[in-house]
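The values are calculated or read from the model by the stated rules, or taken from the named source; none is laboratory data. Keep in mind that this is a model prediction, so the values were computed, not measured. Every residue, glycine as well, gets a Cβ built from its backbone with ideal geometry; the counts of neighbours run over all protein chains shown. What goes into the accessible areas is simple: the full protein's heavy atoms, side chains included, and nothing from ligands, DNA or RNA. Shrake-Rupley method; radii C 1.70, N 1.55, O 1.52, S 1.80 Å.
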Amino acid sequence: MAKKLFSDVDFDKSLSIDDELVFDKPELTKLRVDLTWAGTDLDICAFLLGEDGMIHDKADLVYFRSLLRWKTTKAFTDADFNPLEGEISTWPSKDFKNPNRWLEGTLPISSDGAVIGSWDDMDDTGGDEECGETMHVLLDEVDTNKHKSIVFAACVARDRIANGETFADAHDPVVTIYNAENDEVVAEYKLASKFPGKDAVCLGRLDFDDNTFFWNFVPMAEGYNGGMHYLATEIFN
């Protein structure tokens, strides 16, 4: 494993699987983790893990149907949309009459407010239209007494799994990490799409270092079968 420092003048913003990127500049506090691909429908999620590498509460899984939500100040389609501006929303909601509309019009969020999840983006054409989903992490807001790691995963949607699709049907997946405050690229790496028969892939992990108080990011490429449910019940529980 190669350790790279975010502050290193020679860091070229490229990562390989199992590198370790150290966010050693304290002013970098807001991250955006993007996954782009073409093909099948993927859902990205985040697992906030304790020191034992497990989730200890349902709210520690941030995914598209999480029941703790973030209502952004402006709609997703607004030209000035900012996913970091908003307020916590729970059901029943004063802004939505229908619970499904509430889920569609808000973003999932962790109980400490540190991880804001993605809206659902899919290729409805069945072709090679580019898709993308995004997670935001407010590093200063993570409750590091409870959560020592955050794992990001991409899972094939359940209806696509039923049709026999796997992660091999997600073409050219790329993970890009941005500074969420200025949209500058921090790092990028390609995620292999060749996971025979796998429908869930852990794509990256943030680790908190109790000695330096810095967060480190480790690219991953670990495939599993059973979708998000398997990760939540068998890997991180």
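When only residues in segment 1-27 that are open to solvent by 10 Å² or more (accessible area, probe 1.4 Å) and aliphatic (A, V, I, L, M) count, which is nearest to Thr212 (Cα to Cα)?
Among residues in segment 1-27 that are open to solvent by 10 Å² or more (accessible area, probe 1.4 Å) and aliphatic (A, V, I, L, M), the one nearest to Thr212 (Cα to Cα) is Val22.
Filter segment 37-88 down to residues that are in contact with an Asp or Glu (Cβ under 6 Å, 6 or more places away or on another chain) and β-branched (Val, Ile, Thr) and give me whichever is most open to solvent (accessible area, probe 1.4 Å).
Restricting to residues being in contact with an Asp or Glu (Cβ under 6 Å, 6 or more places away or on another chain) and β-branched (Val, Ile, Thr), the top hit is Thr73.
Here's the yes/no breakdown for (1) modelled with pLDDT of 95 or more; (2) under 22 Å from Leu48 (Cα atoms); (3) part of a strand (DSSP E or B); (4) open to solvent by less than 60 Å² (accessible area, probe 1.4 Å):
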| position | (1), (2), (3), (4) |
| --- | --- |
| Phe152 | yes, yes, yes, yes |
| Ala168 | no, no, no, yes |
| Asp172 | no, no, yes, no |
| Thr176 | yes, yes, yes, yes |
| Phe195 | no, no, no, yes |
| Cys202 | yes, yes, yes, yes |
| Leu206 | yes, yes, yes, yes |
| Phe217 | yes, yes, yes, yes |
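If I ask for residues that are aliphatic (A, V, I, L, M) and either out of contact with any strand residue (DSSP E or B) (no Cβ under 8 Å at 6 or more places or on another chain) or closer than 25 Å to Ser7 by Cβ (or both), which ones from segment 192-237 would you list?
Passing the criteria: Leu203, Leu206, Val218, Met220.
Could you check segment 3-40 and list, in sequence order, the residues that are among the basic types (Lys, Arg) and either in contact (Cβ under 8 Å) with a residue 40 or more places away in the chain or within 16 Å of Arg205 (Cα to Cα) (or both)?
Selection gives Lys3, Lys4, Lys13, Lys30, Arg32.
Those residues that are farther than 17 Å from Lys148 by Cα and without any contact (Cβ under 8 Å) to a residue 24 or more places away in the chain, I need them from segment 184-237; list them, please.
Within segment 184-237, Glu184, Lys190, Glu222, His229, Thr233, Glu234 meet the criteria.
For Asp140, only one of the following conditions fails: (1) under 19 Å from Asp24 (Cβ atoms); (2) touching a strand residue (DSSP E or B) at 6+ places or on another chain (Cβ under 6 Å); (3) open to solvent by 30 Å² or more (accessible area, probe 1.4 Å); (4) not in a loop (DSSP other than H, G, I, E, B). What is its number?
Here Asp140 clears every test but (2).
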